[in-house]
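Q: One structure follows; several queries about it will come next.
The values are calculated or read from the model by the stated rules, or taken from the named source; none is laboratory data. If you're wondering where the values come from, they're calculated on a predicted model, not measured in any experiment. Don't worry about glycine lacking a Cβ; one is built from the backbone with ideal geometry, like all the others, and counts go over all protein chains shown.
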Amino acid sequence: MASAPVWLEHPSSLRHDTGTHPERAARMQAIERELSSRNWLGFERVQSPEVDRAVLEAVHPSRYVESIERACASGGGFLDMDTVVSADSFEAALHASGGAVQMVELLLDGSAPYAFSAHRPPGHHATQARAMGFCLFNSVAVAARYALDSRGLERVMVLDWDVHHGNGTNDIFHASNQVLFVSIHQSPLYPGTGPAGDVGSEDGRGFTVNLPVPPGSGDRVFCSLVDRVAVPLAREFAPQLLLISAGYDAHHEDPLGECQVTEQGYADMTRSMRRLGEELEAPVGCVLEGGYALEALATSVAATLTALQEPDAPEPDGSPAPPLVDAALERLSEWWPALR
Ligand SMILES: [Zn+2]
């Protein structure tokens, strides 16, 4: 039973060759260097399996999966302006999604109290049938879908704190009331989606929560959106599983974003999600997304792992919330009256 927290990884992540692209193998190597110097912070390292094709195809149509397979088998190249694949990228992507699914399995079985699935390529920009933004398969979406379809869960929350909008996850669950998708992202910024007014569609209205923040936003903005918007929403929604699309490109050193989050901010957001998980008796799992300043990425991941395991984390302080918190609560109270 619930022994050590688990770190899911696979060597194929290093063979997804993107050349001089910012989303490169050196990201994983920087994380590995940092964590190995700290004895993996007590996490048990597990090799991720390839994702089961039926589980993958519950999100991505088989013709799309096959198109990625073909593109890689023929040696690779650019799938769009900024998404490049090499011969080994298909295998890497299968393990990236397989790791996220395996993470959910371990969490729901009670085999791990917390887990982090760390692979390349990232996933949150991939839509059902389109690779984009360095992403091929949407691993967090595949894992959430697996939890609902194969494990019988009824409600899953995905918090996406990558600096870019998780447009793929947004679209995949747009009409679903089983996945509460909350994204904090810089606006304006790639991919240009995720305005506050995009709240989902059909039965999913109110279950897509976009929280765009201006360039320059730092720990106070990100943490107060988690503590005062995402957490109260989750208390109403009562998810049975908490997944974090954990990108680290809102860090102040990141070359792609213009936000100012620090390691302390990532630790605080993680603690808030951990506390929420304990309160709701829902396990917490992280899936690596972006993060392109190598040292900042590595130390921020380490801060997340540390915070996942800290008992008796202090409550957030009661300092006044930035105005965009009140605006978000007001907007969301149409679907979530308890937030008023
Ligand atoms: Zn990103």
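Q: So, Leu106, is that one in a helix (DSSP H, G or I), of a type outside the set (S, T, N, Q) and more than 14 Å from the ligand (Cβ to nearest atom) or not?
A: Yes.
Q: Look at Val163 and say whether it is away from the ligand (no atom under 13 Å from the Cβ) and either over 25 Å from Leu94 (Cβ atoms) or surrounded by 24 or more Cβ atoms within 10 Å (Cβ to Cβ) (or both).
A: For Val163, the condition - away from the ligand (no atom under 13 Å from the Cβ) and either over 25 Å from Leu94 (Cβ atoms) or surrounded by 24 or more Cβ atoms within 10 Å (Cβ to Cβ) (or both) - is not met.
Q: Follow-up. Can you tell which of Pro195, Pro191, Pro232, Pro212 is part of a strand (DSSP E or B) and at pLDDT 95 or above?
A: Just one listed residue meets the conditions, Pro212.
Q: Do we have Gly133 as in contact with a Cys (Cβ under 6 Å, 6 or more places away or on another chain) and within 16 Å of the ligand (Cβ to nearest atom) here?
A: no
Q: In segment 58-72, which residues are among the small types (Gly, Ala, Ser) and either exposed (fewer than 11 other Cβ atoms within 10 Å of the Cβ) or free of Cβ contacts under 8 Å to residues at least 12 places away in the same chain (or both)?
A: Ser62, Ser67
Q: Confirm whether Ala141 is within 16 Å of the ligand (Cβ to nearest atom), in a helix (DSSP H, G or I) and small (Gly, Ala, Ser).
A: Yes: the conditions hold for Ala141.
Q: Also: What is the residue count in segment 265-281 for residues that are more than 16 Å from the ligand (Cβ to nearest atom) and in contact (Cβ under 8 Å) with a residue 60 or more places away in the chain?
A: The qualifying residues number 2.
Q: While we're looking at this one, here's another question. So, in segment 240-269, how many residues would count as being assigned to a loop (DSSP other than H, G, I, E, B), buried (at least 24 other Cβ atoms within 10 Å of the Cβ) and not hydrophobic (A, V, I, L, M, F, W, C)?
A: Residues that pass the stated criteria total 4.
Q: State which residue pairs qualify: first residue assigned to a strand (DSSP E or B) and inside segment 27-56, second residue aromatic (Phe, Trp, Tyr) in any location, beta carbons under 6 Å apart, and separation of 6 or more residues or different chains.
A: So the pair list comes out as Arg45/Trp7.
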